[in-house]
Amino acid sequence: MIKSNSFTVEINGQTYSADAGETVYEVAQRNGVEIPTLCHDPRLDPAGACRVCLVEVEGQRRLQPGCAWKVDADMKIQTESDRISRHRQVLYSMYMSDHRTDEEGGLPEETGNVNQLRELCATIDPIPLEKVEAPRAARPGDDNPYIEFDPELCILCARCTRYCDEVEAVNAITLAERGSETTIATAGQRSLIDTSCELCGGCIDTCPTGALIEKKAPKLMPLETKTTRTTCNFCGVGCQMDLHTHNNRLVKITSPAPGETLNDGNLCVKGRFAYDFVHHEDRLTEPLIRREDGQLHPATWDEAIKVASEGMNRVKAKYGSDALGFVSSSRCTIEENYLMQKLSRAAFGTNNIHQCAAT
Amino acid sequence: MFGAGAMTNSIPEIRDTDLMFVIGSNTTEAHPIIAMEMKRARQAGARLIVADPRKIWMAEQADLHLQLRPGTDVWLLSAMAHVIINENLHDQAFIDANTEGFEAVKERVQQYSPDEAEKITGVPAEDIRTAARMYATTRKAGIYYTLGITEHTHGTDNVYCLANLVLMTGHLGVRSAGMNPLRGQNNVQGANDAGATPMYYPGYQPVTDDEVRKKFEAAWNVPLSPDDGLNLNVMMKCLAKGTLKGMYVMGEDIVISEPNVSQVELGLNECEFLICQEIFHNETTRFADVVFPASCFAEKDGVFANSDRRVQRVRKAVDPPGNAKEDWKILIEFAQASGYDMPDYANPGEIFDEMASLTPKVAGISHQRLEERIEGLQWPCTDSEHPGTPTLHVDGPLIGKAQFQAVDYRPSAELPDDDFPLVLSTGRTLYHYNSATQTRRDPGPSIKQRQNFIEINRKNAKMLGIEHGETVRIISRRGAIEAEAWITPRVRFGCIWMPMHFAESRANLLTNDAGDSVTGTGEYKVCAVKIEKIKPTSPVSIASAVDQLAPVLNKPM
Amino acid sequence: MLTHEAQRQRERILELLEHEGGVTEESVRRVHKETGVPEADIWGTGMFYTLINKPGRRVRICDGLTCQMAGADQLSADLEAKGLPCERVSCLAQCDRAPATLDEDLELVTYHGKETGVTPDDPGLPMNLGGPVDESYSSFARAKELGAEAVIEILKESGLQGRGGAGFPAHFKWSSVLAQAEAERYVICNADEGEPGTFKDREILLRQPTKMLEGLAIAAQAIGAKDIYIYIRGEFTNERRSLEKAIEIAKEKIAPIKIHVALGHGAYICGEETALIEALEGKRGMPRLKPPYPTEKGFRNKPTLMHNVETACCIPAIVDRGGEWFKKLGKTEAGSKLYCISGHVNRPGVYELPLGASLDELVDAAGGYEGNPQAFSPGGASSGFLPMTYRDLPLDYKNLADAGSMLGSAGVVVLNDSVDMAEAVKWQLIFFERESCGQCAPCRIGTRYLRRQVDQYVQLGDTAPLTYAEDVAWEMEEGSICGLGMVAAKPLESAQKHFPDAFKVR
């Protein structure tokens, strides 16, 4: 029998259309039915490991993970019930007994990443379970400049290791050990620098609890920074990124959420981390003019503009327009390139305008 | 060909493709995020053919790696066309409906049999046949290429060969297929689109076209030159010859990025007036008469156009440092001071509007529209209602019929010989960017790749008595530099590879400035070099090394 | 992005790590060079398995329930005192020889003083451990003649339930594999016996491996599989020798069907069928989400029929003598069953009895109780504890499930009144904490939580630590991915229910 590809399912008594191959989570999310989850990332194969998204599926004795359970025609699903409420209450309480959240001993150090676990825990009346003190190993000797791992905050959802495998495909990190000792490790617990890691930082972005954070970013609460959506200035892919600024300084770069822009939540090492140049002390901050001593000296804008335009006009007067060359830049904006070619053509009368344009 | 040099298809389409033919692109390092789309397609079952002289990461993952000798792309691609045509795998209906010139190509590629191609390219004839069949018989098959194709004296021929393959198989106007040059820089597409090119006004409108010129003369209120200008490669040569006397260089370090830089440096010494507009001092500002301190991407508003013709916003997040200024403001002030009545644009949005009013391809794009469209707008986008164009040529070629181009193989300008027995190719790495003025100011890239290196095959290294990590001198007819030798199976016997990022050890002191006859692009991918040990070694091993190398030299490259 | 070739390379890594003597930075690098598998994946996978994650030579002493009752702690202390480094490990499937010990080369060392037993030769028994070995492969020939459908029909008639623990009717799996469109199929034999109290598969491997191989060959023939994989516990050194000898003969008899032996590397969870498949594929033994079931997408994502050693061992006799015959051998459910019995009985061992035999009947076969019995665990650690009031209950799948317990692998352990039930619970919880794979939170956190709370209770005699144990146990059962987490709280729950006095303030 050939099954139709489109059908309806029932979630909490409401009927929704769905397609074969979709998961309960996907149908619910599309229709605004909230199913909480920690280990789900739309870029990754479902792991069903955090167990947060368990729902009731009619005909199934056990609760099933919404992130992985495929819908079928006329399937009836409950995302809220006493059983699910108890499940969430006990599960989140167990997470709290295994992971640092802000429920005990005052606020933990703010990581600057949204801690989704903490948000979930705030939705329940937790059971005061004693700490389990799981012996998860850290990587104390990891001297990589960007990525920091705090096992106290890690919930082993494996989003980082799955991202490293399935999306970035460099396989630098892995789940290691087992049971309560399970941790995120590198081969031989070496520094990420000495592994196949390409420092893309995607693991930080996908981490739902702030167990992975950016080392060099100041630890600021998310609300303390302003974000500006822009386009990356390195290669020609055109990744969208959010610049986080604080007191007129760029303090962190993150990717828009998966699915929003063409980079689908991803950035590379250059885009995410190589921004120190922006505020570097070597930046040119004053116009410079070469004086009679043959050296470049600071000058005012007025003088620099005047000397420069006189210089170019002198050459034009002496040798003609086509003795001038204008080199524009693929690093600058379209508007600036437009102005540069207009300058060359309209102001100086030559088509000698180009840029490093091999591709 | 078929319209402008840009990706015919979109980056998000890659994940749905069934076959990727990646040639002359080290995608994982040069375009990591596009590589992620490719990895995703691969995981979903797409097949992968990689043509590259190096065994790059993608090649290791490929169904088929065509490890051709540098500079023999025309042979490889013509032989693939040979197979496709002779095995009747071409799409005659598409060819008849949409193209011209097929017969000439059909005839020409008869000279390029896979068996002959094997001798020239070093790629087994059977692999060439397999690749041709896989490509021709898969509907959603995309070609992805970059500088490995274009940075040759016959770069344009390489591109023609690829276009011929696309046209003869009808892989055009199909989602997840097409011909896709991956752009190396954030706005190289946009710079071209905006007319920063000697032959075109914005939107690829020829400067030699009277109608077009009249339009721009009217808009800009000034008579304009009817002659093609000089491309960058020719400009550099004119500088050395003494016919180019004044330059305004914005945001490019021509001394590090142009080939045969010692000639460029000589030329710059002769230049009577040089303006540099930069964010850092670089090799070129050493020659400048005036330096304008400019702004980086985080300090200004505007738009970039990426590889898939996508116009996206750049937004100001922080102020430029000290007295540095946004580049567009500097250009306005300079133009006005120079005697041209450049308008006082209040913001880059107004500049874009002027360009859009003169450029049909982007007429429908504006800063206001981009506020709504967080995924950007892809040109052609001809009016304010137009949704943009993710896939080009869905309804056939943009103008008239697409042209096949019959191409003959021409060897690279400089081949190895007894004096310079090795072929040097240059390129990018993941961790650095161009002249690395930005990336070397960050700890990660600096730790991963602190200094310049060459990749060399174990056999060549052994013949030269070189150990892994040893500093060696690399010498071409144009210059010499020092770098660490990394012994790796990634490169072919007889070939070495070097990144272009290191100012103190500039690869472009070695490279050949022979340019492509159409684009002027320098031959960064092939030049002849030799390697000398700096650390002393026994004379015996050098002598025997020369002996052992001799047979390779006789092979066609 | 695993190509076919990369997948095959990945399947080799555990064996290569074993040859390297275990996981070290250097061994991982060498295995990476040889296979191309990323170093981190090799490291992470290797570190999952206790036989290779800590290189070095040492004696392994079981700390399972029976061995603890038999003084494993004392033995360990004595050996350490003699300068022998010791590691305490999970059940070694030698409960009849408690305290079970393996030397540095994984050879069994005997410290026990008890006589052990096995049911003597009886041609009327399907498995007949004490009987002669029949290497004729005549049942296999007969099955071939009958054809797949007829064999499955016989199997259906026999009522044979999977002997691995779940008790699922065996023929369902055969039919399900046969119904798949994919032609590449596999038979896997689960010989990763490790449930505390269980050592029946061991006896089959030692005494009647041919019956098991013949059963597997019949299955492979019926479902159209060309390859049989036997995943055998890495600690089963003697058993492996015995199996390999039997395979030498089987090879010719069942050609062109091929038999491959894969060694376990120390992980109880790999007895779970999808975890076992992960291990075979060179990955961490973390159970997969189901569906899809192995019969749809199993080993190498192909339809896979997996049976326990004992299930396979029943098949030749069923084919020979018919389904009806087998069914009637049972008392309350179909067939005969291998019961393992250890702990406080006089002659621990493996006895083939009608399915549905009671504890008293089983202990009769095992020479009677030792001391005054207070409790028994009927089917491994996962089955919890029952009081002696259940001594007449038929030990079968249904009756035990109704009693809130399970037959599981029929690893029966008797505890006499010298044992502190809270202590016994603790031993079982140590096992589950150590063997939890760590993939899902309810099990990873819950096993550790319960063990720590019971630890505290045993130390302090204060019941406060057990206040929320019930909630956690509930969530472990509701929320865990696989059976391990679902049952890991059973020892505590059942002991609290049946032996409330053991959990009062002390």
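The values are calculated or read from the model by the stated rules, or taken from the named source; none is laboratory data. Worth saying up front: this structure is predicted, and the values here are computed from it rather than measured. Here Cβ is always computed from backbone atoms with ideal geometry, including for glycine, and neighbour counts include all displayed protein chains. SASA here: full protein model, heavy atoms, side chains in, ligands and nucleic acids out. Shrake-Rupley method; radii C 1.70, N 1.55, O 1.52, S 1.80 Å.
Structure notes:
- Check on C:Val89, crowded, with 21+ Cβ neighbours inside 10 Å and more than 25 Å from the chain's Cα centre (by Cα): no
- Of the criteria (1) closer than 27 Å to A:Lys270 by Cα; (2) open to solvent by 10 Å² or more (accessible area, probe 1.4 Å), which one B:Leu64 fails: (1)
- Per the conditions (1) within 14 Å of chain A (Cβ to nearest Cβ); (2) closer than 26 Å to C:Leu429 by Cβ; (3) open to solvent by 10 Å² or more (accessible area, probe 1.4 Å), the sole criterion not satisfied by C:Glu80 is (1).
- Some residue of the stretch B:418-437 being surrounded by fewer than 18 Cβ atoms within 10 Å (Cβ to Cβ) and either outside the structural domain of B:Asp353 (by TED's automatic domain parsing) or not polar (S, T, N, Q) (or both): yes
- Some residue of the stretch B:132-143 being under 20 Å from the mean Cα position of the chain (by Cα) and within 14 Å of chain A (Cβ to nearest Cβ): yes
- Subset tally (residues that are closer than 21 Å to B:Gly45 by Cβ, open to solvent by 10 Å² or more (accessible area, probe 1.4 Å) and touching a helix residue (DSSP H, G or I) at 6+ places or on another chain (Cβ under 6 Å)) for the stretch B:15-27: 1
- Picking from residues in the stretch B:244-257 that are open to solvent by less than 10 Å² (accessible area, probe 1.4 Å) and within 9 Å of chain A (Cβ to nearest Cβ), the one that is nearest to B:Cys296 (Cα to Cα) is B:Met250.
- Total residues in the stretch B:289-323 satisfying the condition of being over 29 Å from B:Met7 (Cα atoms) and facing chain A (nearest Cβ under 7 Å): the figure is 11.
- Subset tally (residues that are within 8 Å of chain B (Cβ to nearest Cβ) and touching a Gly at 6+ places or on another chain (Cβ under 7 Å)) for the stretch A:257-273: 5
- Among the candidates C:Asp96, C:Asp73, C:Asp105, the residue that is touching a residue at least 40 places away in the same chain (Cβ under 8 Å) and either assigned to a helix (DSSP H, G or I) or in contact with a Pro (Cβ under 7 Å, 6 or more places away or on another chain) (or both) is uniquely C:Asp96.
- Extreme residue, surrounded by the most Cβ atoms within 10 Å (Cβ to Cβ), among residues of the stretch B:349-393 that are part of a loop (DSSP other than H, G, I, E, B) and of a type in the set (Asp, Glu): B:Glu375
- Among all positions in the stretch A:274-291, there is at least one residue which is within 7 Å of another protein chain (Cβ to nearest Cβ), more than 42 Å from the chain's Cα centre (by Cα) and of a type outside the set (Ser, Thr, Tyr).
- Residue match in the stretch C:174-185 (condition: among the aliphatic types (A, V, I, L, M), in the same structural domain as C:Tyr293 (by TED's automatic domain parsing) and under 21 Å from C:Asp320 (Cβ atoms)): no
- Test: residue in the stretch B:225-242 that is at the interface with another protein chain (Cβ under 7 Å from one of its Cβ atoms), touching a helix residue (DSSP H, G or I) at 6+ places or on another chain (Cβ under 6 Å) and under 29 Å from B:Gly203 (Cβ atoms): no
- Count - residues of the stretch C:264-283 that are outside any helix (DSSP H, G or I) and under 18 Å from the mean Cα position of the chain (by Cα): 5
- From B:Ala117, B:Ala93, B:Ala104, residue being at pLDDT 90 or above and open to solvent by less than 20 Å² (accessible area, probe 1.4 Å): B:Ala117
- Leading residue by the ranking (surrounded by the fewest Cβ atoms within 10 Å (Cβ to Cβ)) among those in the stretch B:28-59 that are at the interface with another protein chain (Cβ under 9 Å from one of its Cβ atoms) and among the aliphatic types (A, V, I, L, M): B:Ile33
- Of all the listed residues (C:Ser175, C:Ser158, C:Ser138), the sole one being in contact with a helix residue (DSSP H, G or I) (Cβ under 8 Å, 6 or more places away or on another chain), free of Cβ contacts under 8 Å to residues at least 40 places away in the same chain, among the polar types (S, T, N, Q) and open to solvent by less than 60 Å² (accessible area, probe 1.4 Å) is C:Ser175.
- Number of residues in the stretch A:221-243 that are more than 7 Å from every other protein chain (Cβ to nearest Cβ), open to solvent by 30 Å² or more (accessible area, probe 1.4 Å) and either part of a strand (DSSP E or B) or touching a residue at least 40 places away in the same chain (Cβ under 8 Å) (or both) equals 4.
- Members of the stretch B:202-232 that are polar (S, T, N, Q) and crowded, with 21+ Cβ neighbours inside 10 Å: B:Asn231
- Filtered residues of the stretch C:354-388 (kept if touching a residue at least 60 places away in the same chain (Cβ under 8 Å) and either hydrophobic (A, V, I, L, M, F, W, C) or buried (at least 24 other Cβ atoms within 10 Å of the Cβ) (or both)): C:Ala365, C:Ala366, C:Ala375, C:Ser377, C:Gly379, C:Gly380, C:Ala381, C:Ser382, C:Ser383, C:Gly384, C:Phe385, C:Leu386
- In the set A:Asp98, A:Asp74, A:Asp82, only one residue is among the charged types (D, E, K, R) and in contact with a strand residue (DSSP E or B) (Cβ under 8 Å, 6 or more places away or on another chain); that residue is A:Asp74.
- The residues in the stretch A:145-202 that are more than 8 Å from chain C (Cβ to nearest Cβ), part of a loop (DSSP other than H, G, I, E, B), of a type in the set (Ser, Thr, Tyr) and touching a strand residue (DSSP E or B) at 6+ places or on another chain (Cβ under 9 Å) can be counted, and the count is 1.
- In the stretch B:258-270, of all residues being open to solvent by less than 20 Å² (accessible area, probe 1.4 Å) and at pLDDT 85 or above, the one that is nearest to B:Ala294 (Cα to Cα) corresponds to B:Leu268.
- Of everything listed in (1) polar (S, T, N, Q); (2) crowded, with 22+ Cβ neighbours inside 10 Å; (3) facing another protein chain (nearest Cβ under 7 Å), the single unmet condition for A:Thr209 is (3).
- Here C:Ala6 meets each of (1) away from chain A (no Cβ under 14 Å); (2) surrounded by fewer than 24 Cβ atoms within 10 Å (Cβ to Cβ) with one exception, condition (1).
- Search result, residues across the stretch C:365-385 that are under 18 Å from C:Leu415 (Cβ atoms) and more than 21 Å from the chain's Cα centre (by Cα): C:Ala366, C:Gly367, C:Gly368, C:Tyr369, C:Glu370, C:Gly371, C:Asn372, C:Pro373, C:Gln374, C:Ala375
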